[in-house]
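Take a look at the structure below.
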Amino acid sequence: MDWQEESERFEKWRKEQREKNNITPVKLHKMPGWFRWRLKAVTGPYPRGLFDHTELSMLDYRFGGDRVFDHWGTGIDGSMISEPYEYSINETFEQNVKDIAGVLGVQYSFTGPDTSWWYPGRTHRVTFFETPESRTLTQLRKERKIREGW
C-alpha cells in the first residue's frame, strides 16, 4: 500500500470515528478573536511577522513547557480548542492548563481522547471558553479601546 492509499484509509477511519462519537469540528489554526485579545494582553505586543503559533508557544513555555497548544483552533461554539497528543499529558499538564486559564481569565474543560477531532483515540481535547462574566469584561475593555482610539 502506498502512502496515498494509506492516507485515504486513515481519513476514512477518522471520519467514521468523528461520526460515531458525534465529535464537534474544529477550524484548525483559526484563533477566536476573544482568545487572541486575551492572549495579547498576557504576551504583550510582538514583532511584525510573528503569528499566533509563536504566542501560543510562548505561553506553553511560560507555564512549564508542556505542549498544551497543539492542533488548536476554533470550535463551532466560538471556544478555543487544543488537542495535544496523549504523550503530552503528564502529571503537570492539567495544572498548566489551569494556570493558563487563570492568567487569561477564562474557564476550561479537559476531556479524553474519545472527543478529539484531530486524531480520535490519540489526542485529548482542552476547551477554553469565556463565562458570561468574563465576556462582559472583555466587551467593556474592547469598547474602551475603541473609544480611546487604540
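What follows is calculated from the coordinates using simple rules that are stated; it is not laboratory data. None of these values were measured; they are calculated from a predicted model. Don't worry about glycine lacking a Cβ; one is built from the backbone with ideal geometry, like all the others, and counts go over all protein chains shown.
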Seminar exercise, completed: Under Stokes-Einstein, the range 1-135 at 37 °C and 0.692 mPa s, with its Kirkwood radius over C-alpha pairs, diffuses with a coefficient in µm²/s of 209
For this session: Report the local net charge at T115: Lys and Arg +1, Asp and Glu -1, summed over other residues whose C-beta lies under 14 Å from its C-beta.
Result: 0
For this session: Quick one: give the max-minus-min coordinate of the C-alpha atoms of the range 66-133 along each principal axis, largest first, in Å.
Result: 34, 28, 15
For this session: Can you find, among N90, F69, P32, the residue farthest towards the positive end of the dipole of the range 1-101? Put +1 on the C-beta of Lys and Arg, -1 on that of Asp and Glu.
Result: P32
